[in-house]
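The structure appears right after this line, and notes come after that.
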Amino acid sequence: MPTWLKNEPSSVAPAQRHGLSRRTLLGSSGRAATLAAARLLAPVMFTGCSANLPQRMDPIVAGLLHSQTGNLAISETSLRDAELFAIEEINASGGLLGRLIEAKSPDPRSRPLDLFPKRARELCGRGGAAAIFGCWTSSSRKAVIPVLEEFDRLLFYPVQYEGNEASENIVYGGAVPNQQILPAIDWLLSTPGGRRQRLFLLGSDYVFPRTANLIAKSYLASRGLEPAGTAYVPLGHRQFNGAVEMIQAAKADAVLSTINGDSNIAFFAALAEAGVSAEHVPVVSTSIGEDELRNLPPAHVQGQFAACSYFQSVATEPNRSWVNRFRSGFGYDRVTSDPMETAYCLVHIWKQAVDRAGSLDTTAVRQALRDGITFAGPGGETKIDPATQHACKRFRLGRIRGNRQFDIVHESDEPLPPEPYPQVAFPGWHCDWTAEGLTRGPEVVIDGEL
């Protein structure tokens, strides 16, 4: 086994490397069994290396900054696995600059404002990370920017986000609103989408949902429309009866959901309990995919939609091969998803940039990225826009099947160039994008039942 993983403190990946799938770890005790097994396996470090690499050279450290516990672990742990998979591939093919890559993965525990910057500092400082791959929420991404600037490190960010940012210390791999939110609205307003006119905007209460909905409102206004309603819930929220009542009272004919993390489980359960069907009030989610669906009962989500750039069901041979190789290494019960595919591609893009630069120096790597880097990923070619350090992304809309996979019902003809600063405006709003969130507007913030 190659030397590429140090667990700090826990993950199920080592168990999978010993022949145990996540299903085996879960057993009948669910998440508790997973965490218990992970704690037992945490000290494991795999030894050995590619025969093509000199044993005497120190490895290159890559920091993986993803929550392995807390309410965002439902989404983030698989991104970590996708990055480890890419690192293993690189090491097996000769490494980076003739050296192994070693991953260090401390757990920021779904705490964006304190533990994400603390763990980033540990990785950049004594951890010796040449680059960091990670974060999920915009709050966590914004919180680590000062650390990245202090140490002059690059963060490769794999998640769709709200735009309105362009840091030279971040490579943005996920979609921005013109590649996800706005095409999703266009589809809902179209004949195939049912010509929905009363969209309810429901999101978690932090930077991405608030900013994305601000842009969505402005875009709807340009079409002579306004939302049927807007509401936010805290991250980790569990009580959605009040939100569902608001959707029904507003006579919404669709929901654009920017809910993140395991709150999605409670939200779709509340919709099902209230008898709100996908046929009459479809939900288009921006932050769920195949991995999250593993925790959602099919009866609660079948027929609902997700707006992404990639789905496991993309019918190409490169994608089928990638999915099979990932599952053979991490468990045949595993699935792949949009941010996982992006996370995997970003590791390979970093390798290309380092190879082109001939150095780990951040300035040289950044310049290589700005000279134009592309990677043939499972979902198609991934290209980093030299002007913005954002990725060109194809838009795909998927309808959830009963088997927790997606039927792709619409996709753009080609990858869409990024517009990090969308040309939309909402009169009367003052926006303050900070790590804590967007300056609050007049929408309802739900904290428990209404």
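The values are calculated or read from the model by the stated rules, or taken from the named source; none is laboratory data. Here the structure is a predicted model, which is why all the values come from computation and not from measurement. As a convention, Cβ positions derive from the backbone with ideal geometry for all residues, glycine included, and neighbour counts pool all protein chains shown.
Looking at Glu419, Glu411, Glu381, which is the one that is within 21 Å of the chain's Cα centre (by Cα) and without any contact (Cβ under 8 Å) to a residue 24 or more places away in the chain?
Answer to the selection: Glu411.
Regarding region 247-262, can at least one residue be identified that is out of contact with any strand residue (DSSP E or B) (no Cβ under 9 Å at 6 or more places or on another chain) and of a type in the set (A, V, I, L, M, F, W, C)?
There is no residue in region 247-262 that is out of contact with any strand residue (DSSP E or B) (no Cβ under 9 Å at 6 or more places or on another chain) and of a type in the set (A, V, I, L, M, F, W, C).
Can you say whether Phe305 is at pLDDT 95 or above and touching a Phe, Trp or Tyr at 6+ places or on another chain (Cβ under 7 Å), as far as the supplied structure shows?
Details: at pLDDT 95 or above: yes; touching a Phe, Trp or Tyr at 6+ places or on another chain (Cβ under 7 Å): no.
Against the criterion (at pLDDT 95 or above and touching a Phe, Trp or Tyr at 6+ places or on another chain (Cβ under 7 Å)), Phe305 does not qualify.
For region 139-159, name all the residues that are in a helix (DSSP H, G or I) and under 14 Å from the mean Cα position of the chain (by Cα).
Correct list: Ser139, Ser140, Arg141.
From the list Ser313, Ser287, Ser328, exactly one residue is modelled with pLDDT under 95 and either of a type in the set (S, T, N, Q) or outside any helix (DSSP H, G or I) (or both). Which is it?
On inspection, the qualifying residue turns out to be Ser287.
Of all residues in region 155-201, which are charged (D, E, K, R) and either closer than 30 Å to Leu64 by Cα or touching a residue at least 40 places away in the same chain (Cβ under 8 Å) (or both)?
Glu162, Glu165, Glu168, Arg196, Arg198
Answer with yes or no whether Ala231 is hydrophobic (A, V, I, L, M, F, W, C) and surrounded by fewer than 20 Cβ atoms within 10 Å (Cβ to Cβ).
Spelling it out, it is not the case that Ala231 is hydrophobic (A, V, I, L, M, F, W, C) and surrounded by fewer than 20 Cβ atoms within 10 Å (Cβ to Cβ).
For Ala250, only one of the following conditions fails: (1) farther than 26 Å from Ser67 by Cβ; (2) surrounded by 21 or more Cβ atoms within 10 Å (Cβ to Cβ); (3) aliphatic (A, V, I, L, M). What is its number?
(2)
Tell me which strands (runs of 3 or more DSSP E) are completely within region 346-422 and hold 1 or more residues being charged (D, E, K, R), or say none if there are none. So that I can check it myself, show each step before the final result.
Details: elements: 373-377, 380-384, 396-400, 406-411.
Output list reads 380-384, 396-400, 406-411.
With the condition kept exactly as written, say whether any residue in region 166-175 is in a helix (DSSP H, G or I) and touching a helix residue (DSSP H, G or I) at 6+ places or on another chain (Cβ under 8 Å).
No, every residue in region 166-175 fails to be in a helix (DSSP H, G or I) and touching a helix residue (DSSP H, G or I) at 6+ places or on another chain (Cβ under 8 Å).
Which residue pairs have Cβ atoms closer than 7 Å, lie 6 or more positions apart in sequence or on different chains, and pair a first residue in region 92-113 that is in the same structural domain as Ser359 (by TED's automatic domain parsing) with a second residue that is among the aromatic types (Phe, Trp, Tyr) and part of a loop (DSSP other than H, G, I, E, B)?
These pairs meet every condition: Leu100/Trp4; Ile101/Trp4; Glu102/Trp4; Ala103/Trp4.
Restricting attention to region 260-311, which residues are polar (S, T, N, Q), out of contact with any helix residue (DSSP H, G or I) (no Cβ under 9 Å at 6 or more places or on another chain) and surrounded by fewer than 21 Cβ atoms within 10 Å (Cβ to Cβ)? Steps first, please.
At the first step, the residues of region 260-311 found to be polar (S, T, N, Q) are 260, 263-264, 277, 285-287, 295, 302, 304, 309.
Those left that are additionally out of contact with any helix residue (DSSP H, G or I) (no Cβ under 9 Å at 6 or more places or on another chain): 263, 302.
Correct list: Gln302 only.
Please pick out the residue among Gln197, Gln179 that is surrounded by 24 or more Cβ atoms within 10 Å (Cβ to Cβ) and either farther than 28 Å from Asp371 by Cβ or not acidic (Asp, Glu) (or both).
Gln179
With respect to Asp333, is the statement that it is acidic (Asp, Glu), in a loop (DSSP other than H, G, I, E, B) and assigned by TED's automatic domain parsing to the domain that holds Glu83 true?
Yes.
Considering each residue of region 85-113, count those that are within 27 Å of Val176 (Cα to Cα) and in contact with a helix residue (DSSP H, G or I) (Cβ under 8 Å, 6 or more places away or on another chain), and give that number.
10
From the list Lys351, Lys393, pick out the single residue that is modelled with pLDDT of 95 or more and under 19 Å from Leu154 (Cβ atoms).
Unique residue meeting the criteria: Lys351.
Look through Ala212, Ala166 and report the one residue that is surrounded by fewer than 20 Cβ atoms within 10 Å (Cβ to Cβ), at pLDDT below 95 and not polar (S, T, N, Q). Write out each step before concluding.
Details: Ala212 fails: surrounded by fewer than 20 Cβ atoms within 10 Å (Cβ to Cβ).
Only one candidate qualifies: Ala166.
Restricting the first residue to region 202-231 and requiring it to be outside the structural domain of Ser287 (by TED's automatic domain parsing), which pairs with a second residue that is surrounded by fewer than 20 Cβ atoms within 10 Å (Cβ to Cβ) and of a type in the set (A, V, I, L, M, F, W, C) meet a Cβ separation below 7 Å and a spacing of at least six or different chains?
Once the first residue is outside the structural domain of Ser287 (by TED's automatic domain parsing) and sits in region 202-231, no partner that is surrounded by fewer than 20 Cβ atoms within 10 Å (Cβ to Cβ) and of a type in the set (A, V, I, L, M, F, W, C) comes close enough.
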